[in-house]
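K.L.:
For reference, the structure I am asking about is given below.
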């Protein structure tokens, strides 16, 4: 391999490991999120294997960072919000035929909430959570504006988004006439 290839492999491997550890994910956790084997991720982190473009994209999505953060290094600030539109599926998975909702265990890092937001109402600005915290929002009814840092995503019924919420963030129902129903899952970092 050329020096350029060695440099890219090393930088990509280091970035994957850095972002995985920052998110407090084990190799198995990242493997489950990305549909890439733990042994392949380990090989990539060590610079022993060259990932395909699809593999880099899957890892970036699973880590909640931009692809450039894995190839060029950096903090992954390219995007804090990943949107999944109605009818689309994440990582090629099939949508489940039912919604599974349940209580969290006392020591769980997961919190599940349901909100009905009146027309033209903001839930206010929330301060940033601990590093590695991700909030997943699903709009069951109505419309929603989700703002994380300097980014804003507009969502309609059936849309979902996942946000890295280690910075100030806000949720607002911009519709002057209709209530919004949302489900929010918070994964604490």
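K.L.:
Go through 47, 64 for me and flag whichever is within 22 Å of residue 131 (Cβ to Cβ) and surrounded by 14 or more Cβ atoms within 10 Å (Cβ to Cβ). Let's see the steps before the verdict.
P.N.:
Values: 47 fails: within 22 Å of residue 131 (Cβ to Cβ).
Testing whether each residue is within 22 Å of residue 131 (Cβ to Cβ) and surrounded by 14 or more Cβ atoms within 10 Å (Cβ to Cβ) leaves just 64.
K.L.:
Going by the conditions given, is residue 70 crowded, with 17+ Cβ neighbours inside 10 Å, outside any loop (DSSP other than H, G, I, E, B), touching a helix residue (DSSP H, G or I) at 6+ places or on another chain (Cβ under 7 Å) and modelled with pLDDT of 85 or more? Steps first, please.
P.N.:
On the way: crowded, with 17+ Cβ neighbours inside 10 Å: yes; outside any loop (DSSP other than H, G, I, E, B): yes; touching a helix residue (DSSP H, G or I) at 6+ places or on another chain (Cβ under 7 Å): yes; modelled with pLDDT of 85 or more: no.
The answer is no for residue 70.
K.L.:
Residue check, residue 13 against (1) farther than 21 Å from residue 163 by Cβ; (2) assigned to a loop (DSSP other than H, G, I, E, B); (3) modelled with pLDDT of 80 or more, all met but one. Which one?
P.N.:
The one condition residue 13 does not meet is (2).
K.L.:
Name every residue in segment 43-66 that is over 17 Å from residue 24 (Cβ atoms) and in a helix (DSSP H, G or I), in order of residue number.
P.N.:
So in segment 43-66, the residues over 17 Å from residue 24 (Cβ atoms) come out as 43-44, 46-58, 60-61, 66.
Answer for segment 43-66, where residues must be over 17 Å from residue 24 (Cβ atoms) and in a helix (DSSP H, G or I): 43, 44, 53, 54, 55, 56, 57, 58, 60, 61.
K.L.:
Right, another one. Filter segment 25-42 for residues that are exposed (fewer than 14 other Cβ atoms within 10 Å of the Cβ) and under 19 Å from residue 130 (Cβ atoms) and give the result.
P.N.:
26, the sole residue that qualifies.
K.L.:
What pairs can you find where one residue is in segment 20-46 and in contact (Cβ under 8 Å) with a residue 40 or more places away in the chain, the other is part of a helix (DSSP H, G or I) and loosely packed, with under 15 Cβ neighbours inside 10 Å, and their Cβ atoms are less than 7 Å apart, with a gap of 6+ or different chains?
P.N.:
Hits for this filter: 35/91.
K.L.:
Continuing with this model, one more query. Would you mind stating whether residue 132 is surrounded by 16 or more Cβ atoms within 10 Å (Cβ to Cβ), part of a loop (DSSP other than H, G, I, E, B), modelled with pLDDT under 85 and on the phi > 0 side of the Ramachandran plot?
P.N.:
Working: surrounded by 16 or more Cβ atoms within 10 Å (Cβ to Cβ): yes; part of a loop (DSSP other than H, G, I, E, B): yes; modelled with pLDDT under 85: yes; on the phi > 0 side of the Ramachandran plot: yes.
Answer is yes for this residue.
K.L.:
Could you pull out every one of the strands (runs of 3 or more DSSP E) wholly within segment 146-189 that has 2 or more residues that are more than 12 Å from the chain's Cα centre (by Cα) and touching a residue at least 12 places away in the same chain (Cβ under 8 Å)? Explain how you work it out, then say what you get.
P.N.:
Values: elements: 151-156, 160-164, 169-173, 180-187.
Qualifying strands (runs of 3 or more DSSP E): 151-156, 169-173, 180-187.
The values are calculated or read from the model by the stated rules, or taken from the named source; none is laboratory data. From a predicted model like this one, the values you see are computed outputs, not experimental measurements. Neighbour counts run over all protein chains shown; Cβ positions are idealised from the backbone, glycine included.
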